[in-house]
Structure formats: C-alpha cells, structure tokens
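See below for the structure under consideration.
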Amino acid sequence: MTDIAHFTVEDGIGVLKIDSPPVNALGVNVRKGLQEGFRRFAADSTVQAIVLICGGRTFFAGADISEFGKPPQGPGLQEVFDLIEAGAKPVIAAIHGTALGGGYELALICHARIAVPSAKVGLPEVNLGLLPGAGGTQRLPRIVGPELALDLITSGRPVGAKQALAMGMVDALAEEGRLREDAIAFARKLIAEGRPLPRVRDRQDKVEAARGKPEIFSKFRQQQARTFRGFKAPENIIKCIEAAVDLDFDAGMKREAELFRELVTSTESAAQRYVFFGERETSKIPDIAPDTPILPIRTVGVIGAGTMGGGISMNFVNVGIPVTLVEMSQDALDRGLGVIRKNYEASARRGKMTAAQVDERMALITPSLGLDALAHLDLVIEAVYESMDVKKDVFGKVDQIARPGAILATNTSYLDVNEIAAATSRPESVIGLHFFSPANVMRLLEVVRGEKTDTSVIATAMKLAKTIGKVPVLARVCPGFIANRLMTPRGRQAEALVLQGPSPYDIDRVMYDYGFAVGPFQMSDIVGLDVIGRGATERTLRGDFVAAGRLGQKKNGGFYNYDENRTPSPSPEALALIADFAKHKGVATLGALADADILARLLYPVVNEGAKILEEGIALRAVDIDIAAIMGYNWPVYRGGPMFWANTVGLPKIVEGLRKLEAREGPAFAPAALLVRLAHEGKGFA
Ligand code: 3H9
C-alpha cells in the first residue's frame, strides 16, 4: 500500500484501487502505484483476477498533461501496460466518472471493462493537439471499426456508458453506486466461465473489413477539411487509423508512437495544452480567498430582450435557473421571446433537444413589462442600449427595487462600470458581466470588477460563469475591458492599411491563413457596415459604403460582392470606393507588402495592446488575455492566443517590428514598456 495505491484481496479477486486527486491523472506516482499493484498480484497465488478501480471523482482522466515536454520519469505508461497485457490473470477495469485519453487506453488494455451508467469514456487528446499515444488509435478501431473510430478520436467527444456498451467500448454496466461489488462479481463470473478473454489487439474482423478501402479515409478527410484547417493532430490521427487497418498491430503501434512524438513537440500542441490549463487558471483570483462566501443565485432578471438580453437569458434557463425578462413594450417583449423560441426550435430540429424541452425552457422565462418584477431576484443583468445616461437611469431605478444583497450586473461592452455603480446606493453589489455575441454560444464571460465591487460578488460571478458553461476572465475597468480593447487595434489597422494599397481580400486572406474563420472585412460585411461607426460626424470609409447603398451581406454587398448563396467575390465597386476615400484623405500608397508585413501590421499592435492591458493591471495574467481572445474572438486555439503567439515569434522581433511601424506610421505603434523590458531581458509573457 502506498498513499496512492491500495491493494486488497477479496475471495480470490485482487482489487487495485488508485486514489490520486483531483482526477487520477497517470503521473509518475500513479504509474509507480500501478506497477507495484500488478507485480504484487501477479506474484500472489491466491489472486485469480484483478479489478482496477479508482477512488475520488473519476477513473483515470488521462496522462498527466503537466508532464509533457519534461524529461520522462520511470516507469513509463507502456511498461505498466505491458504488465497487464503480458500478465496471466484477467484484469477488469471498473469505470466511474470520466475514463479519458490514457485512462481509457488503460481500460482498453485490460481484459474487460465494466462501468456505472453515469460514466463516460473517450479519447479527447485531439483537444490538446495530440493523439491517443498509448494504443488508443490501434485498439479503438478494432472494437468500433475505423469509421466510428475516426469520428470519435478526431472529435474527442466522450461517449456515455450506455452508448459505449452498445458500441462495445465497455462490456458491462454496473449498478450506480455499486461499482466495486459489481466489478468483483463480474470478475468471478469470468473466472467461473473459464473462457479465454481475447485481447483487443487480437481482434481483427473490423479492421480487416476495411482493408483495401482507402476511400473511407479520403472521404473523411474531404468532409472534415474545414473543421481541421490549421490543426496538426487530426491528420496524424487519420494516419494512425489507416495504419491500424493496413498494418499488423505492432507495426501500427510503432506508427502511432512516431506520429505522437511529432505532435507532442509541436507548437500547436504546446499552445493547446497551455489553453487547457489557462481555461482553469483564469478562475484563480489571487486576492480572493477560497473560502469567500458565494451568494446563491436561484433567480435571475434580465433587462432588455434584444439580441444580447435574449442570448443571456438562454444561458440561465439552459441550466434550469428561471429568468424574468423585462422590456419596455409588449412588442419588444414578444419579439425577444419569439427569437429565443426560434433558437430553441432550431436546436430541436438538429436533434439537440426535444419539443418538450423547448417548452420547458420557455416556461422558465417570465416576461414582464415593468422593473417591479425584479424585486425579489438574486441577480439582475442589464442589457439595454449602450449609453451611459440610459444605463445610469436603469441602475438608479433598479437600486430602488432590487432586494438588498442582490447582485446588479451590467452587460456593457466598454462603459465605465464605476460610473454605473455610482448611480446606485450599493456600488459593492455592482459588477460587469460582459457576454460576447451570440451570448448563448460564445464561451467567454468577462467579469468586470469595479473599484468597490465586493469580493463575494466577484467570487459568485466567477462561479456562476462555470455553472452556465462559460469561461470567466476577470477584468478591471477601462474602455473595452480586455477582449474588445485588445482586438480594436486589429480593426483599426486593417482599415488604415486598406487605404495604403493592399486589398481587403489580401488582408482577409492573411488573417484567414493565420487561422481566423473570416478576416476583418468579411466580418464587417456580415455584421453590416451601417452598424459600427453610426453617427460619425466626419466622412469615413464605412460611411462612404453606406452612402453608396452598400451595407454588407444584407444589402448590395460591402467590401465583397455576394451571389445568391452568399459566396463572396472581390468587388470592383468596393475597390473604387476605397481608392476614392484614400484620395480624399491624401493617403500615400505603400509599395508591395509581403503577407508577413500585413500580419505584423495587424497583429503586432494587438500584442502591444495586450502588454498595456497587462502592465495597467486590467488583466491578471497574460493567459487571461489569451483565453479572452480565444473564447471571445475565436483567435485560433492552436496559436495559443496573442501573448502565447508573441512568445513563439520572439518578443525582440515584435519590438523591432513595432519600432519600424512607429517610424513610418506614427506613435500609435510605440512598443509598451513591459514589452520592451521583457524583450530586453530575453523573457516572454509568462
Ligand atoms: C493523454 O492521455 C495522452 C495519452 O494518450 C498518451 C500518453 C503517452 N493531467 O477540469 P477540472 C487537472 S492526454 C493533469 O477543473 P472537472 C486540472 O488542471 C490527456 N491535470 O475538473 C484541474 O487542476 P486545478 C487526455 C489534469 O471535473 C483539476 O485537474 N485527457 C488533467 O471539470 C480538475 O480539473 C484529457 O484530455 C490531466 N490529464 O473535469 C482529459 N485533467 O484544480 C482532461 C485534469 O489545479 N481533463 N487535470 O485547476 C478533463 O477533461 C477534465 O479535467 C475532467 C474533469 C473531465 C477530467
């Protein structure tokens, strides 16, 4: 017995229980415990079969991700696996919680798998830019066939125990809460039956059936090309499954190891692993003690049933928290509710929920025409028109109505939360909850702490974000907070650069090739050119487009022309408008620019803004900025966000690039002091 591994023998069955919180990751100490347990039971003549089970909340959740990139410490996972596979005694994996990655691969090497109905199994390594490197790519296709294995391993999606049983990924279900007893009984039954237990590696029928059918793989590659763009892992996974079909088991394992090594040393995987830990790191707030009281949020009010208010409401009803939705007119209320219902019905059509569930969610929304309905609620979120006067008026009124202790939140995307809080008699209860559009989809929730916001209000908001499936990032007050402020220079530089010669199509292509789903000009067309910069007092490029009747995708095209399927193509009319505006502004044309110059022009200022956000203390850590960019602006995850990416480029190179731009374009490009210091010290953003 060690701290982690517990060995008992019950009537001929050896039970090896591993207990290594929080998730029984297969780190070096767990591997040692497994090695000791299997060696001991192999040598114990009273043991006829072995049950492998975990304590705590889950079966092994995978390899210990924090060990990747560090020197290996023995014993390796493969050594432990060999002990099981070469052992003479059957091993039964007893699964609860989530058997993921190396954890499920460990289950696959066992002779049988039993799981409680609430368990999930899967190979999610792709989300870390990796592939299952402990035999998963060779064994799973032997159980479920290559087609399903391609889907499961490249998507990384876990499968519930009942479905896993139907697919053969587990062999039996245990009763909930009786895993240990049922696994022991299962082991006894196997011994009593005395039949040989074929190892997964020896199963050939599913892979043989696919041999000589390369179209399985070419079709899959073609279908998934868009989803996989920019990622390295999916292609390596496909190659592994091809090897499972075409090669014998040992040769397939060799291929898997080579392709795993390629990934584990890649920048893409380093970025994705950083993001995995980053998503969890952002909840850790140094000045908020873990025992800070969390206020119960059982009811929520949302003021404003527009696009944002509706999306925000959906987040809460999705997890069963009732919402009182307030509007000024019946029309606006009906419209808002109609949009929410339509969204749910669309999900139902896609098979994501039943018609009854649509009704259940709608029933959790209480529409109301007056603020009085907010009187007894735990949290009120304001999502009205983005104007300081309007917001102050609303908060002043809500202050009179909401119960003492209720949290009053604003969804403002750039206004001063302290000023809004000052419109109430309780600034300690006021906080920013900045959702990103579409609010029911985007995973970022910026939690904006005002000068007077109480720590329990902050802690509650951070916890609540998780309850509704968001990733919270804490910001202090400044115009645009973290994500919007960070990304503003990209838009500004795109609009400045397009007047200097490069076409919107070149600029968008460079952003697309970097990994964004669409470039800034295509995005403008989607949003509508009349939306941003409304009410400008002087002539603007967008204003010229609007004056010419080009509003974007919705009317006459914008920077692009569109056919009836909304496929964009370059627009001579748009280029003429740009040229005319550049002439009006007297902007000189730059010579030909390389793609790398366009990239630097648009993204180095983003890195620079990130450095300022950091040195001003608006964000807690560089990783908070990266998570905000990824979750709020779809910054390509395999780049790790702007700050991680800057490290991979090298900060001295970024400083040099900014200085060149500063010399040509002006002081807006002057590198931030923090950036200069880190570059000088040979450091990166931590
Ligand atoms: C792999 O297996 C490779 C092999 O194929 C081949 C090898 C050769 N390692 O998420 P939570 C930490 S790759 C280290 O908040 P939940 C996590 O950082 C791996 N640490 O809990 C957090 O720490 P902290 C394949 C890990 O209940 C704490 O545990 N496996 C690992 O919401 C709690 O985590 C995966 O990709 C790990 N593997 O969700 C599964 N996992 O408290 C990754 C978690 O300090 N893990 N931690 O912030 C998950 O998906 C979720 O953590 C899980 C629990 C669903 C398990």
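Taken together, the values in this text are just the output of simple stated rules run on the coordinates, not laboratory data. Every value quoted in this text rests on a predicted model; they were computed, and no experiment measured them. Cβ: placed from backbone, ideal geometry, glycine included. Neighbour counts: every protein chain shown.
For this structure, a couple of remarks:
- Gly12 sits among other residues whose Cβ lies under 11 Å from its own Cβ, and their net charge, with Lys and Arg +1 and Asp and Glu -1, is -1.
- For the stretch 424-441, 3J(HN,Hα) computed residue by residue from phi via the Karplus equation (6.51, -1.76, 1.60; θ = phi - 60°) reads 10, 8, 9, x, 5, 9, 9, 8, x, 10, 9, 8, 10, 7, x, 5, 8, 10 Hz, glycine and proline entered as x.
- Degrees, to the nearest 10: 215-228 long Cα axis against longest axis of the chain: 40
- Built amide H within the under 5 Å cut-off of Ala475, gap 5+: Val447, Val448, Arg449
- Using the Cβ of Ala406 as centre and a radius below 15 Å, the other residues enclosed give a net charge of -2, where K and R count +1 and D and E count -1.
- Model label points for Lys70 and Val390, set 7 angstrom from Cα along the Cα-to-Cβ axis, are 5.2 nm apart.
- For the stretch 160-241, the dipole from Cβ point charges (+1 on Lys and Arg, -1 on Asp and Glu) about the Cα centre works out to 500 debye, to the nearest 20.
- In terms of its C-alpha gyration tensor, the stretch 180-282 has an oblate overall shape, because the principal axis ratio a/c (a ≥ b ≥ c, square roots of the eigenvalues) is not below 1.5 and a/b does not outweigh b/c.
- Cα-based reach from Lys284 at 12 Å (exclusive), listing aspartates and glutamates while leaving out same-chain residues under 8 positions away: Asp624
- Ranked by the mean number of other Cβ atoms within 10 Å of their residues, highest first, the peptides 16-23, 678-685, 352-359 fall in the order 16-23, 678-685, 352-359.
- Magnitude of the charge dipole, the stretch 503-585, Cβ model with Lys/Arg +1 and Asp/Glu -1, debye to 20: 260
- A simple packing score, the average count of other Cβ atoms within 10 Å per residue, orders the peptides 315-322, 152-159 as 152-159, 315-322, with the highest score first.
- Among Ala663, Phe395, Tyr505 - extreme Cα towards positive end, dipole of the chain, charges at beta-carbon: Tyr505
- Every helix of 4 or more DSSP H residues in the chain counts as -39500 (n - 2.57), and over all residues that averages to -15000 deg cm²/dmol at 222 nm.
- Against the chain, whose longest principal axis is taken from its Cα atoms, helix 77-86 shows a tilt of about 30°.
- Long-range HN-HN contacts of Ile381 with modeled amide H, under 5 Å: Gly301, Val302, Ile303, Ala409
- Segment Thr354-Val527, extension gain: residue separation times 0.36 nm, minus the distance between their alpha carbons: 59.2 nm
- Helix 504-514 axis versus longest C-alpha principal axis of the chain: approximately 20°, rounded to the nearest ten.
- At 0.692 mPa s and 37 °C, Stokes D of the chain from Kirkwood alpha-carbon radius, µm² per second: 116
- At an R0 of 30 angstrom, the distance between the Cβ atoms of Glu10 and Thr467 translates into a FRET efficiency of 0.15.
- Taking amide H as placed 1.01 Å from N in the peptide plane, the amide H of Thr98 sits under 5 Å from that of Phe59, Lys120, each at least 5 places away or on another chain.
- Candidates Ala628, Leu603, Leu551 compared by Cα position along the dipole of the stretch 518-629: farthest toward the positive end lies Leu551, with charges placed on Cβ.
- For the pair Asp205 and Lys219 in one chain, pulling the backbone fully straight at 0.36 nm per residue adds 2.9 nm over the alpha carbon distance.
- Whole-Hz ³J(HN,Hα) from phi, Karplus 6.51 cos²θ - 1.76 cosθ + 1.60, for the stretch 306-319, glycine and proline x: x, 4, 5, x, x, x, 4, 4, 4, 4, 7, 5, 4, 10
- Each Lys and Arg adds +1 at its Cβ and each Asp and Glu adds -1 at its Cβ; summed about the Cα centre, the chain shows a dipole of about 500 debye.
- Taking 0.36 nm per residue of sequence separation and removing the Cα-Cα distance, the Ile191/Asp563 pair yields an extension gain of 127.1 nm.
- Per-pair calculated FRET efficiency, R0 = 25 Å: Lys660 and His680 via Cβ, rounded to 0.05: 0.90
- Peptides ranked, highest mean first, by Cβ atoms within 10 Å: ranges 8-14, 416-422: 416-422, 8-14
- In the chain, taking the dipole from charged Cβ atoms about the Cα centre, the farthest positive-side position among Gly641, Gly194, Pro293 is held by Gly194.
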